[in-house]
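K.L.:
Once you've had a glance at the structure underneath, I'll fire off some questions.
The values are calculated or read from the model by the stated rules, or taken from the named source; none is laboratory data. All values derive from a computational prediction rather than experimental measurement. Cβ placement follows ideal geometry from the backbone for every residue including glycine, while neighbour counts extend to all protein chains displayed. Side chains are part of the model used for accessible areas, which takes the heavy atoms of the whole protein and leaves out ligands, DNA and RNA. Shrake-Rupley method; radii C 1.70, N 1.55, O 1.52, S 1.80 Å.
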Amino acid sequence: MYDVVIIGAGVVGGFIARELSRYKLNICLLEKENDVAMGASRANSGIVHAGFDALTGTKKAEFNVLGAKIMKRVTDELGVKYKNNGSLVVAYSEEELPTLQKLYERGVANGVENLQIIDKAKLLELEPNLTDSAVAALYAPTAGIVCPYELTIAAVGNAMDNGAELKLDFDVKSIRRNGDFYEISSENETVECKYLVNAAGVHSDNIAALIGDTSFNVTARKGEYLLLDKEFGTMASHTIFRCPTSMGKGILVSPTVDGNLILGPTSVNIDDKDNNETTPEGLSEIMSKTLAVMPKAPLRSVITSFCGVRAVPSTGDFIIEKAADGFVNCAGIESPGLSSAPAIAPYVVELLKGMGLSLEENESFNPIRKPAHLFREMSMEDKNKVIAENPKYGKVVCRCETVTEGEIVEAIHTNPKATSVDAIKRRTRSGMGRCQGGFCAPTVVEILARELDIPFEAVTKSGGNSIINYGRIK
Amino acid sequence: MRNIDLVIIGGGPAGMSAAVSAYNSGIKDILILDREPRLGGILQQCIHNGFGLHRFKEELTGPEYSWKYEQMVNELKIPVMLGTMVLDVTEDKIITAMNEENGVFQIQAKAVVMAMGCRERSRGALNIAGMRPAGIYTAGAAQKFVNIKGYLPGKKVVILGSGDIGLIMARRMTLEGAKVITVCELMPYSGGLTRNIVQCLNDFDIPLKLSHTVVKIHGKERVEGVTIAKVDKSLKPIMETAEYIECDTLLLSCGLIPENELSKGASITLDRVTGGAVVDQRRETDKKGIFACGNVLHVHDLVDYVSEEAEIAGKGAAEYIQNDGFNKNCDIKMTLGDCVRYTVPQHITSNENDVKIYFRVSDVHKDVTVEAKDGDEVIFSRKKQRVAPGEMESILIKSDVLKNIKSGAITVGVKLNG
Ligand SMILES: Cc1cc2nc3c(=O)[nH]c(=O)nc-3n(C[C@H](O)[C@H](O)[C@H](O)COP(=O)(O)OP(=O)(O)OC[C@H]3O[C@@H](n4cnc5c(N)ncnc54)[C@H](O)[C@@H]3O)c2cc1C
């Protein structure tokens, strides 16, 4: 019997688990996929928004501004890269200036600090590669960037290090109230808990419906991206949005914390909530919209494209509230959900406390997680100390991102443990570079087989039936 | 920090030939660095034959060709450090590398030969839409699975791109019991050698669909199919011709990209077309004492040419070390005439010796004349029955011709006869 079960190991579920692990509680995260951070928390823009977008008084506004404020501290604790690079909302005609003003005023009302409207000269000084037709911008120095799956993996990992459990491949199919507790079942397993948190992202309405809560629904809206080679990560130094117009929102151009340039997202509603495929139309839309604002964008240097699915709630705001005895919804967490997650978590814990969950401090709680990319940031002397102890750190497996065998082995044995090629990729960046795993994938498969003690052909790309090889050759 | 006369980065055919050639030119203090556990580079996984016809006048497999050079390196006792990744090279020829035994270390070299080879274009670079299931590999990765690890990465295969590795893998996968359904090529001609099309596709009844591309990948966990379509003259897919093909594997053989991350780190000027360094006839880059050869300089179709080019670079590096630089008595630019995509070298800095100019054409043409001109004056001319982008061409410019260049430039072009 668990004290608390959380459905969904995205950034929201991950931070709630971590927050709960501060207390003496039996906690379990249930995730239907083969790894954590496989929903919206895997594929998004990675922007820590400043907080001027959401309407004043909404949960979105409140948690975004707070989340952005504590993001630096949280990422330091979790050993996750964070860069406070600031954002710009750029106007490309005089007609758009009133919108900038409106955003500025809303930001001030939401509590965003140091917002300013800057003129063309200042703007082009900050971003010399922008098109000359830019006229002004709203500058938010408090905005930043993180890697969304790195943050999620770290939050879940830290929760696990502090005692929380994680069950992967657990697709919740039914929830039954049995006296004072809940029985949550997948096709082949049932767990029980006293308190249940629904953090199932785009599926959170389906989960709520399992206990009869049909007060809202969640629409899936997909967003496609292009990622450019690191060589061009410096084409932009701030996150550059386009001023929203009657023609729509436009796309953003931003550096990522890992040094690439990201372009996107598109915005299209879809019926199949798990459909994260990219489309020829989507990719060409990103290209043309990018060239409109940054004529020199090196679109030849695309290294990959991907697609995320937003969970758009019918209420227009995050749904974070008690829905039944012992049951809390944390649903429809669309953007700025990544920015808000560290602030949502303590709020959910307070809700649970109000519902009777007793919180006794866990004295051994350690908020610190060792950074995954520790080795590559070390000095030459420190690297040599590590290699002398464990020569695997001297052996480079992924040449594009310079990932060593030592780091890969570590990812296989660190919470939450990597069991597939893609899981290794998200934790170590092996295969994330310009060759996209062309060279290192066979070696990574070999290391996984060895460390997990499974046959070579049993290693998968991302769990399930995603097999890489069909057995030995003739 | 160690001091070494000549450091060669990459122990494939280019690096080994360069080392042997430098040694024979009188430089004995040489070190070859390679990240793989063996010498030979990509040749180790090319177990088909067709290597060495020009060089050794016999048909060898990749490992056999490589072995010939490994033996020379061994006999000359040229030191080699394997399993060693070079992390950085500076303009001043300081090399930072890492391996299991020595950790991270630095070497000051007098001259450097860059011979890091190339990598294949990935799915991302091709911008194919759709899902991201397992079963999408570059032809080279599939080759590694089959030939080095001994595992079959697919059973029903579609290949995009008719580059040589793709063609070779079409045959290899078929021999291993897989069904290769079709090879799609975006261009109206194949990028591979004619002999490979005959021996790897025609002999196995594998259809080659020219002017076709993959527009979408299907399948959630493992590839379940691809949608292919014909492309128009501007290479845009014609969606009315879209066709679904059921398969479990998509192999990509859509071109090779020289691996010049280290060259970029050393601020070496690169040629936009080749993706490799801009070099002179000695294969010296614009950074003094840093040379480049093999597929890191431009993508070759035959290893024999790689060895030839690497010998030039090795000799150049030896001369550089012995004479503390070069006497450069001219600077003749190579410019691109009709139908020529690039030349190597890109400029000539000495007219003391004959210079062989390698180049590639931009399209398939029959009955042509290859011409080199100094201004309007034709200084070289030769008829050819056929030229194709997949086959490298070369012309020799004599030293006495070089001495008389008036315009400061030589233009290489292809004239269509008839
Ligand atoms: C295109 C795009 C761009 C975005 N950009 C930004 C941005 O720049 N900044 C920002 O702050 N926010 C951004 N967001 C929003 C942010 O990504 C989300 O708000 C955040 O990731 C939501 O986290 P989550 O944990 O609620 O959902 P998810 O990450 O989707 O996690 C939900 C998890 O629940 C699991 N699950 C679902 N059903 C079940 C079941 N039945 N049983 C078990 N497990 C289940 C899923 O597999 C998934 O892992 C963006 C979102 C998208 C899609």
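K.L.:
What are the pairs with Cβ atoms under 8 angstrom where one residue, in region A:388-407, is assigned by TED's automatic domain parsing to the domain that holds A:Lys425 and the other, located anywhere, is part of a helix (DSSP H, G or I) and open to solvent by 50 Å² or more (accessible area, probe 1.4 Å)? Sequence gap at least six, or different chains.
P.N.:
Within 8 Å, the pairs are A:Cys400/B:Glu261; A:Thr402/A:Arg376; A:Val403/A:Arg376; A:Thr404/A:Lys392; A:Glu405/A:Lys392; A:Gly406/A:Lys392; A:Glu407/A:Arg376.
K.L.:
Is there any pair linking a residue in region A:34-47 that is part of a loop (DSSP other than H, G, I, E, B) to one that is open to solvent by 40 Å² or more (accessible area, probe 1.4 Å) and within 6 Å of the ligand (Cβ to nearest atom), with Cβ under 7 Å and at least six apart or on different chains, and which?
P.N.:
A:Ala40/A:Arg310
So that you can scan it fast, the table gives a plain yes or no per residue for (1) at negative phi; (2) touching a Gly at 6+ places or on another chain (Cβ under 8 Å):
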{"position": "B:Gly275", "(1), (2)": "no, no"}
{"position": "B:Val278", "(1), (2)": "yes, no"}
{"position": "B:Lys287", "(1), (2)": "yes, no"}
{"position": "B:Asp301", "(1), (2)": "yes, yes"}
{"position": "B:Asn353", "(1), (2)": "yes, no"}
{"position": "B:Val368", "(1), (2)": "yes, no"}
{"position": "B:Lys383", "(1), (2)": "yes, no"}
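K.L.:
Also, quick follow-up: Only one of these is modelled with pLDDT of 95 or more and within 24 Å of the chain's Cα centre (by Cα): A:Pro367, A:Pro391. Name it.
P.N.:
That would be A:Pro367, the only listed residue that is modelled with pLDDT of 95 or more and within 24 Å of the chain's Cα centre (by Cα).
K.L.:
Scanning region A:295-312 for residues that are surrounded by fewer than 21 Cβ atoms within 10 Å (Cβ to Cβ) and more than 14 Å from every other protein chain (Cβ to nearest Cβ), which turns out nearest to the ligand (Cβ to nearest atom)?
P.N.:
A:Val312
K.L.:
Within region A:259-273, how many residues turn out to be part of a strand (DSSP E or B), open to solvent by 50 Å² or more (accessible area, probe 1.4 Å) and away from the ligand (no atom under 14 Å from the Cβ)?
P.N.:
0
K.L.:
Residues of region A:442-469 being in a helix (DSSP H, G or I), out of contact with any Pro (no Cβ under 8 Å at 6 or more places or on another chain) and closer than 18 Å to A:Gly431 by Cα, which ones?
P.N.:
A:Pro442, A:Thr443, A:Val444, A:Val445, A:Glu446, A:Ile447, A:Leu448
K.L.:
Quick check on this structure: which one of B:Gly225, B:Gly255, B:Gly294 is in contact with a Gly (Cβ under 7 Å, 6 or more places away or on another chain) and free of Cβ contacts under 8 Å to residues at least 40 places away in the same chain?
P.N.:
That would be B:Gly225, the only listed residue that is in contact with a Gly (Cβ under 7 Å, 6 or more places away or on another chain) and free of Cβ contacts under 8 Å to residues at least 40 places away in the same chain.
K.L.:
Anything in region B:11-27 that is open to solvent by 10 Å² or more (accessible area, probe 1.4 Å), under 13 Å from B:Ala317 (Cα atoms), within 21 Å of the chain's Cα centre (by Cα) and not aliphatic (A, V, I, L, M)? List them, or say none.
P.N.:
Passing the criteria: only B:Ser21.
K.L.:
Output the residues belonging to region A:418-464 that are among the β-branched types (Val, Ile, Thr) and touching a residue at least 40 places away in the same chain (Cβ under 8 Å).
P.N.:
Across region A:418-464, the qualifying residues are A:Thr419, A:Val421, A:Thr428, A:Thr443, A:Val444, A:Ile447, A:Thr460.
K.L.:
Out of (1) out of contact with any Gly (no Cβ under 9 Å at 6 or more places or on another chain); (2) surrounded by fewer than 17 Cβ atoms within 10 Å (Cβ to Cβ), what's the single condition that is false for A:Leu130?
P.N.:
(2)
K.L.:
Also: Those residues that are hydrophobic (A, V, I, L, M, F, W, C) and touching an Asp or Glu at 6+ places or on another chain (Cβ under 9 Å), I need them from region A:53-64; list them, please.
P.N.:
Selection gives A:Ala54, A:Leu55, A:Ala61.
K.L.:
Right, something else. In the set B:Arg386, B:Arg360, which member is buried (at least 20 other Cβ atoms within 10 Å of the Cβ) and among the basic types (Lys, Arg)?
P.N.:
That would be B:Arg360, the only listed residue that is buried (at least 20 other Cβ atoms within 10 Å of the Cβ) and among the basic types (Lys, Arg).
K.L.:
Sort out which residues of region A:210-237 are more than 13 Å from chain B (Cβ to nearest Cβ), among the hydrophobic types (A, V, I, L, M, F, W, C), more than 11 Å from the ligand (Cβ to nearest atom) and open to solvent by 20 Å² or more (accessible area, probe 1.4 Å), and write them in order of number.
P.N.:
Listed by number, the residues that qualify are A:Ile211, A:Met235.
K.L.:
State which residue is surrounded by the fewest Cβ atoms within 10 Å (Cβ to Cβ) when the search covers only region B:125-145 and only residues that are within 23 Å of the chain's Cα centre (by Cα) and facing chain A (nearest Cβ under 7 Å).
P.N.:
Out of the qualifying residues, it is B:Asn127.
K.L.:
Let me ask another. In region A:391-415, how many residues are more than 9 Å from chain B (Cβ to nearest Cβ), out of contact with any Asp or Glu (no Cβ under 8 Å at 6 or more places or on another chain) and not charged (D, E, K, R)?
P.N.:
Counting residues in region A:391-415 that are more than 9 Å from chain B (Cβ to nearest Cβ), out of contact with any Asp or Glu (no Cβ under 8 Å at 6 or more places or on another chain) and not charged (D, E, K, R) gives 6.
K.L.:
Taking the conditions exactly as written (over 20 Å from A:Tyr149 (Cβ atoms), over 24 Å from the mean Cα position of the chain (by Cα) and within 10 Å of chain B (Cβ to nearest Cβ)), does A:Glu457 satisfy them or not?
P.N.:
In short, yes.
K.L.:
Moving on. Write out, first by first residue and then by second, each pair whose Cβ atoms fall under 8 Å of each other, whose residues are 6+ apart or on separate chains, and whose first residue, in region A:131-157, is without any contact (Cβ under 8 Å) to a residue 24 or more places away in the chain while the second is away from the ligand (no atom under 13 Å from the Cβ).
P.N.:
A:Asp132/A:Leu124
K.L.:
In region B:146-184, which residues are within 13 Å of chain A (Cβ to nearest Cβ) and outside any helix (DSSP H, G or I)?
P.N.:
Answer for region B:146-184, where residues must be within 13 Å of chain A (Cβ to nearest Cβ) and outside any helix (DSSP H, G or I): B:Gly150, B:Tyr151, B:Leu152, B:Pro153, B:Gly154, B:Lys155, B:Lys156, B:Val157, B:Glu176, B:Gly177, B:Ala178, B:Lys179.
K.L.:
Among the residues of region A:238-258, which ones are assigned to a loop (DSSP other than H, G, I, E, B) and either within 11 Å of the ligand (Cβ to nearest atom) or modelled with pLDDT of 90 or more (or both)?
P.N.:
A:His238, A:Cys243, A:Ile251, A:Thr256, A:Val257, A:Asp258
K.L.:
Can we say A:Val156 is touching a helix residue (DSSP H, G or I) at 6+ places or on another chain (Cβ under 9 Å), within 13 Å of the ligand (Cβ to nearest atom) and open to solvent by less than 10 Å² (accessible area, probe 1.4 Å)?
P.N.:
Yes.
K.L.:
Separate question: Taking into account only those residues within region A:24-46 that are open to solvent by less than 10 Å² (accessible area, probe 1.4 Å), within 13 Å of the ligand (Cβ to nearest atom) and not acidic (Asp, Glu), which is nearest to the other protein chains (Cβ to nearest Cβ)?
P.N.:
Top of the filtered list is A:Ala43.
K.L.:
Now for a different question. Which of the numbered conditions does A:Asn276 fail, given that it passes all the others? Conditions: (1) surrounded by fewer than 18 Cβ atoms within 10 Å (Cβ to Cβ); (2) part of a loop (DSSP other than H, G, I, E, B); (3) within 14 Å of chain B (Cβ to nearest Cβ).
P.N.:
(1)
K.L.:
While we're here: Taking into account only those residues within region B:26-84 that are on the phi > 0 side of the Ramachandran plot and assigned to a loop (DSSP other than H, G, I, E, B), which is nearest to the other protein chains (Cβ to nearest Cβ)?
P.N.:
B:Gly83
K.L.:
Among the listed residues B:Ile30, B:Ile8, which satisfies the condition of being surrounded by 18 or more Cβ atoms within 10 Å (Cβ to Cβ), over 24 Å from B:Gln143 (Cβ atoms) and free of Cβ contacts under 8 Å to residues at least 60 places away in the same chain?
P.N.:
Just a single option satisfies the conditions, and that option is B:Ile30.
K.L.:
Here's another thing I want to ask about it. Just checking, how many residues over region B:242-253 are open to solvent by less than 50 Å² (accessible area, probe 1.4 Å) and more than 16 Å from B:Ala129 (Cα to Cα)?
P.N.:
The number of residues fulfilling the criteria is 3.
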